[in-house]
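Below is one structure, written out as structure tokens, with a few remarks after it.
The values are calculated or read from the model by the stated rules, or taken from the named source; none is laboratory data. All of these numbers come straight from a predicted model, not from anything done at the bench. Cβ atoms come from the backbone with ideal geometry, glycine included; neighbour counts cover every protein chain shown. Note: accessible area is taken over every heavy atom of the protein model, side chains too, but ligands, DNA and RNA are not part of it. Shrake-Rupley method; radii C 1.70, N 1.55, O 1.52, S 1.80 Å.
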Amino acid sequence: EVRQVRVKLSNSWPEISSLSGRLSLQENNLSVFFTKGKIGNIDLQKLKVALQGLSTGVSAVQFNGEASGDSGEMIDLAREGRFVRPEEEWLHQIRMTGKSKLSLELDAVRNDRNFLVTRLKGRYQLIDNQIDLGRHIPDLNEISGALVFTQSDIALEKLHGKILGGPVNITSVALPEGGLRIQADGDVDFDALALDFATTPESMLQLWGRFF
């Protein structure tokens, strides 16, 4: 049994601290279960890590766990950990306030020098979030619901809130050719729409013109 363990995974991430739980070493495999811990101000719960093939270099990893806390801090951790790819630059512009909770299950095996994810299952729950997607897109307010994802797809689950002052339900449909179509249904308060047409790019004006 271990208590108050501290771990530093990388220079870009805060220290993981206050880990308490137990370790089990059997032959060439290590299993770790931490009941709780913290990374920055984010609470960690029910962390399970299994490492196989310790003597010859870890050959497989299994991870289960939960994290909860401020949405902005969790997004920052994803950026700093390079989970957001450079080509997804628009994700770097997102600003969020509110609370969220992440549940994650992951299996990976070593492939040459890197690890290949063989199974990924997660649920990212938003609790009363304010989301700023950039100056040319209306803010999303009071957003609650969840994003459910695997290594091959993602779906929105009971996502709802307010856009342009009106209540809205946001749903997703997986496209046969791949990708995701997102649809928002609800009411709009046009008094809440405030675009600076003098500085809005022509392409963005054309986009809005398709809807109004």
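Selection of first residues in the stretch 137-156 that are more than 30 Å from residue 119 (Cα to Cα) and open to solvent by less than 50 Å² (accessible area, probe 1.4 Å) and of second residues that are part of a strand (DSSP E or B) and β-branched (Val, Ile, Thr), restricted to Cβ pairs under 6 Å at least 6 apart or on distinct chains, gives the following pairs, ordered by first then second residue: 138/163; 140/131; 140/163.
For the stretch 52-64, the criterion of a residue being under 17 Å from residue 101 (Cβ atoms), open to solvent by 30 Å² or more (accessible area, probe 1.4 Å) and either of a type in the set (A, V, I, L, M, F, W, C) or assigned to a strand (DSSP E or B) (or both) is satisfied by at least one position. Being part of a loop (DSSP other than H, G, I, E, B) and surrounded by 14 or more Cβ atoms within 10 Å (Cβ to Cβ) is the filter; apply it to the stretch 94-136 and report the residue that is farthest from the chain's Cα centre (by Cα). Applying the filter and picking the extreme gives 136. From the residues in the stretch 153-179 that are over 19 Å from the mean Cα position of the chain (by Cα) and of a type in the set (D, E, K, R), which one is nearest to residue 121 (Cα to Cα)? Residue satisfying both the conditions and the ranking: 177. Search the stretch 67-93 for residues being surrounded by 15 or more Cβ atoms within 10 Å (Cβ to Cβ) and not in a helix (DSSP H, G or I), and hand back the single one that is modelled with the lowest pLDDT. Only one residue tops the list, namely 84. Can you give me the number of residues within the stretch 23-47 that are within 18 Å of residue 115 (Cα to Cα) and open to solvent by 60 Å² or more (accessible area, probe 1.4 Å)? Qualifying residue count for the region: 1.
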